[in-house]
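Q: The structure follows.
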Amino acid sequence: MSDLSALIYELLDAHADTADLAAELLEDPRWGAHLDYLKALQRTGREMLTRECREVRA
């Protein structure tokens, strides 16, 4: 794994940790919407990084 890939995974993990911590604030509908947005970004980022790593190896 390249240094860039490792950094991106670390950022995605930190992002997920933030979403988990903020989940307690769901009483505010804005937080709920923002957490949905964060989770979608995490999913998309991980999928894109996985595809990119596979293409580099091929």
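Q: Checking the conditions here, which among Leu21, Leu35, Leu49, Leu41 is within 18 Å of the chain's Cα centre (by Cα) and in contact (Cβ under 8 Å) with a residue 40 or more places away in the chain?
A: Leu49
Q: Somewhere in region 31-42, is a residue exposed (fewer than 10 other Cβ atoms within 10 Å of the Cβ), part of a helix (DSSP H, G or I) and not aliphatic (A, V, I, L, M)?
A: no
Q: Select from region 1-30 the residues that are outside any helix (DSSP H, G or I) and closer than 23 Å to Arg57 by Cα and write down the one among them that is modelled with the highest pLDDT.
A: Ser2
The values are calculated or read from the model by the stated rules, or taken from the named source; none is laboratory data. Remember, it's a predicted structure, so these values are computed and weren't measured experimentally. All Cβ positions, even for glycine, are placed from backbone atoms using ideal geometry, and neighbour counts span all protein chains on display.
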